[in-house]
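Report on one structure; see the data block that follows.
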Amino acid sequence: MTTRAWVGGTLPIVMALATTCATPVAASETVVIRAGRLIDGRGGEPLAPAAVRVQGARIAAVGERLETPAGARVIDLGAATLLPGLIDLHTHLSDREDVHWEDALTRTTPSQAALWGARNARVTLLAGFTTCRDMGPTWPYVDVDLRDAIAQGALPGPRLVVAGNYVSSTGGAGDARQFSLFVEVPLVRNLADGPDEVLKAVRTNLKHGADFIKILATGAVLSKGIEPGRQQYSDAEIQAAVEEARRWGRDVAAHAHGSAGIKAAIRAGVRTVDHGSYLDQESVALLRRSREAFYVPTLYTGVVIEASAHVPESEKERSRAVQATKGAAFKSALAAGLPIGFATDASVIPHGQNAREFAVRSGLGETPMAAIVSATSLNAEILRMGDRIGSVEVGKLADLVAVRDDPLADITALERVGFVMREGVVYRDELSR
Ligand SMILES: [Zn+2]
């Protein structure tokens, strides 16, 4: 666990706080970043050497050698490799990594979630993740406030796209009531049964600031109700969520392990199938035809759950049961040439260790370049934010990270990010000379 080390305060944190307390970057400020190599996120040959000129919050020029305009600041990263800021499509930033979410409902408070969310957001940003899709907090709408506080410059963190409150059926993956029926438990109002209630939950979430809708289409590993492999929401309930979200111009992300739930979700028109543990050939074919839906696995979770002290044995059993099929699902998607989103389920894994997902994927046969494209330009496309983020191109937001070693030779280099810029502001720099 990294918790204590981070809480104690290290150089990067001090730097981050100092930077964010500073005034916002002036639109007129010019920075020229020089590096040994640039992997721009689109999958082409790296540029070497590389230079990126940043004007205010945006990228103004990219080339092998750029002139330094008078008055510009130069950040020379030496032989380091520069990449776009990384994107994680599945985090729970306001959830603590050492507390089971069901316990969080009875033993923690929304304010605790907000404070730890601030800590987790900072840790995640410093690990190189400049955008996260947050998949729903234990305490509803804490993620909305966290997103806004980061956007307003109150604290350092990734740009957030948030779910507000995940939508689950009674008895399913999002139903945390594990006590006697006669015991009152916190009312988080995330349960919706039948198309009408789902419709209402979608409308409520979007009214209160959610960017997208998260539904639990199947059972989950870290819960006690229906098994992960079984469909939880009916086809009609999933369709109701998608149709209503579409009326608002929003997407639906479906937590889905089992293949029936995966297929129902794709057919209904969800944007992402998260986890996708039992992805079968028919699901792969459906995804290939759809072009609007994406498979977003979370593979490193199994390793962490096995070692977690706070996860009960019953849930470790569930995790073991899906572990083998998760790897096979990933390999079949890879073999079919499907675009595969990048995600971690952080809070299930320690916040800030998001990049460890890369090594697991690489062990299952994905090339380093494909993994980098997944966590940058592909994820940006899945979020429909490809016009602003996901690659190092003129006009895009200056979200940049750098690593000392070559990630194409060793993908674990991404676990050691030494430079982080978000929208032109430097949050971490241990590489410049
Ligand atoms: Zn999750």
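May I ask you to verify whether LYS316 is surrounded by 14 or more Cβ atoms within 10 Å (Cβ to Cβ), in a helix (DSSP H, G or I), more than 17 Å from the chain's Cα centre (by Cα) and within 16 Å of the ligand (Cβ to nearest atom)?
So LYS316 does not fit the description; no.
Screening VAL322, VAL311 for residues that are among the aliphatic types (A, V, I, L, M), within 16 Å of PRO228 (Cβ to Cβ), outside any loop (DSSP other than H, G, I, E, B) and within 16 Å of the ligand (Cβ to nearest atom) leaves exactly one candidate, VAL322. Could you pull out the residue among VAL360, VAL348, VAL392 that is of a type in the set (A, V, I, L, M, F, W, C), within 21 Å of TYR278 (Cα to Cα) and surrounded by 23 or more Cβ atoms within 10 Å (Cβ to Cβ)? Being of a type in the set (A, V, I, L, M, F, W, C), within 21 Å of TYR278 (Cα to Cα) and surrounded by 23 or more Cβ atoms within 10 Å (Cβ to Cβ) holds for just one of VAL360, VAL348, VAL392, which is VAL348.
Being acidic (Asp, Glu) and touching a strand residue (DSSP E or B) at 6+ places or on another chain (Cβ under 7 Å) narrows it down to one of ASP88, ASP98, ASP103, so name that one.
Exactly one of ASP88, ASP98, ASP103 is acidic (Asp, Glu) and touching a strand residue (DSSP E or B) at 6+ places or on another chain (Cβ under 7 Å), namely ASP88.
Of the candidates GLN232, GLN281, the single residue that is within 16 Å of the ligand (Cβ to nearest atom), touching a residue at least 24 places away in the same chain (Cβ under 8 Å) and either surrounded by 24 or more Cβ atoms within 10 Å (Cβ to Cβ) or over 23 Å from ASP196 (Cβ atoms) (or both) is GLN232. Considering (1) in contact with a Pro (Cβ under 9 Å, 6 or more places away or on another chain); (2) within 30 Å of GLN239 (Cβ to Cβ); (3) within 15 Å of the ligand (Cβ to nearest atom), the lone condition that PHE294 does not fulfil carries the number (3).
Can you tell me which residue is nearest to ALA309 (Cα to Cα) among those in segment 76-103 that are surrounded by fewer than 22 Cβ atoms within 10 Å (Cβ to Cβ) and of a type in the set (A, V, I, L, M, F, W, C)? Looking at the filtered set, the residue picked out is VAL99. Checking ALA329, ALA375, ALA380 one by one, the residue that is buried (at least 23 other Cβ atoms within 10 Å of the Cβ), in contact with a helix residue (DSSP H, G or I) (Cβ under 8 Å, 6 or more places away or on another chain) and at pLDDT 95 or above is ALA375 and no other. Against the list (1) in contact with a strand residue (DSSP E or B) (Cβ under 9 Å, 6 or more places away or on another chain); (2) in a loop (DSSP other than H, G, I, E, B), the condition ASP387 fails is (1).
Residues that are modelled with pLDDT of 95 or more and assigned to a loop (DSSP other than H, G, I, E, B) were ranked within segment 56-65; the one that is surrounded by the most Cβ atoms within 10 Å (Cβ to Cβ) is ALA57. For GLU317, are the conditions met, namely being farther than 22 Å from ALA236 by Cα and without any contact (Cβ under 8 Å) to a residue 40 or more places away in the chain? Criteria met by GLU317.
In the set (1) of a type in the set (Ser, Thr, Tyr); (2) within 16 Å of the ligand (Cβ to nearest atom); (3) over 25 Å from ALA253 (Cβ atoms), THR91 fails one condition alone, (3).
Counting only residues that are touching a residue at least 12 places away in the same chain (Cβ under 8 Å) and surrounded by fewer than 19 Cβ atoms within 10 Å (Cβ to Cβ), which one in segment 286-303 is nearest to SER377 (Cα to Cα)?
Filtering segment 286-303 for residues touching a residue at least 12 places away in the same chain (Cβ under 8 Å) gives 286-288, 290, 292-303.
If we keep only those that are surrounded by fewer than 19 Cβ atoms within 10 Å (Cβ to Cβ) as well, we get 286, 288, 290, 292, 303.
Numbers: LEU286: 23, ARG288: 19, SER290: 19, GLU292: 15, VAL303: 27 Å.
By that ranking, first place goes to GLU292.
On the basis of being under 20 Å from TYR233 (Cα atoms), within 16 Å of the ligand (Cβ to nearest atom) and in contact (Cβ under 8 Å) with a residue 12 or more places away in the chain, does GLY172 make the cut?
yes
The values are calculated or read from the model by the stated rules, or taken from the named source; none is laboratory data. Owing to the predicted nature of the structure, the values given are computational and were not obtained by experimental measurement. Because the Cβ atoms are built from the backbone with ideal geometry, glycine has one as well, and the counts that use them run over all protein chains shown.
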